[in-house]
Each structure stands twice: as C-alpha cells, then as structure tokens.
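This report refers to the structure that appears directly beneath it.
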Amino acid sequence: MSIDYSLIGKRIAKVRKSRGYTQDNLAERANLSNNYISHIEKSHSIPSLETFVNLCEALEVTPDEILLGTVKESETYLNSEIDNKISGCTPYEKEMIDGFIDLLLSKRDKA
C-alpha cells in the first residue's frame, strides 16, 4: 500500500479552510512555520508522524479523516461494530445479550 501524500495535503488544506484557518493560523496552532504548512499541503514535504499528529490536533480531526478521507464518529462506529458482532450470534446468544442489556439499563436507572 502506498501513501498518497498529495491527497493528505489536500485533505489538510480542505479541513483547514473549513475551520476558517489560514496557513498562518494553523502554523501557530501546530507550532510550525506557515511555509512548512504550505509545503505539506502541496505535498512538497512529508510530515513526520509527530508533526502529523500535531496537525490533526490543531485541526481537531482524527488522523483517519486526513489519511483516509473519512470520519469515524465514535458512536456510529461502535454501533456498527456491535451490530456486526451480534449478527454472528445464535438466537440463544442474542437472547442472553438482550438480557444483559436489560440488566445494565435497570442498574443505570437505579443509580
């Protein structure tokens, strides 16, 4: 698998603009120079992992949004994972899971 750094740069620029940040704003938030931000966005420079993480934090996005161009909302992602696991269960196991959920919810309501 090869990494398309031009797409990463374009995604960084897109998110930056959607947040209303200039390259100077982002550079300040990420402790980088605005020239370096420009080079990353144009794929003239490849950021280190530490720099990439700093950029994601400064942009308030998850790394997968920049790397893959997708956003995984944690709740949606978790629901999908739970659905996938439950679909592989037997009817008896599904009844047990339902009972566990009922027990959990009843304990929560009492707390």
Being among the hydroxyl-bearing types (Ser, Thr, Tyr) and within 21 Å of the chain's Cα centre (by Cα) is the requirement here; does residue 106 meet it? no
Taking only region 1-31 into account, find how many residues are in contact with a helix residue (DSSP H, G or I) (Cβ under 7 Å, 6 or more places away or on another chain), open to solvent by less than 70 Å² (accessible area, probe 1.4 Å) and over 17 Å from residue 65 (Cβ atoms). 2
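Per-residue answers, yes or no, for (1) open to solvent by 100 Å² or more (accessible area, probe 1.4 Å); (2) modelled with pLDDT under 95; (3) more than 13 Å from residue 8 (Cα to Cα):
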| site | (1), (2), (3) |
| --- | --- |
| 54 | no, no, yes |
| 63 | no, yes, no |
| 68 | yes, yes, no |
| 73 | yes, yes, yes |
| 76 | no, yes, yes |
| 80 | no, yes, yes |
| 85 | yes, yes, yes |
Looking only at residues in region 43-52 that are within 22 Å of the chain's Cα centre (by Cα) and surrounded by fewer than 16 Cβ atoms within 10 Å (Cβ to Cβ), which one is nearest to residue 15 (Cα to Cα)? 43
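The values are calculated or read from the model by the stated rules, or taken from the named source; none is laboratory data. Values in this document were obtained by computation on a predicted structure and should not be read as measured data. So basically every Cβ, Gly included, is an ideal-geometry build from the backbone, and we count neighbours across all protein chains shown. Side chains included, ligands, DNA and RNA excluded: accessible areas come from the protein's heavy atoms. Shrake-Rupley method; radii C 1.70, N 1.55, O 1.52, S 1.80 Å.
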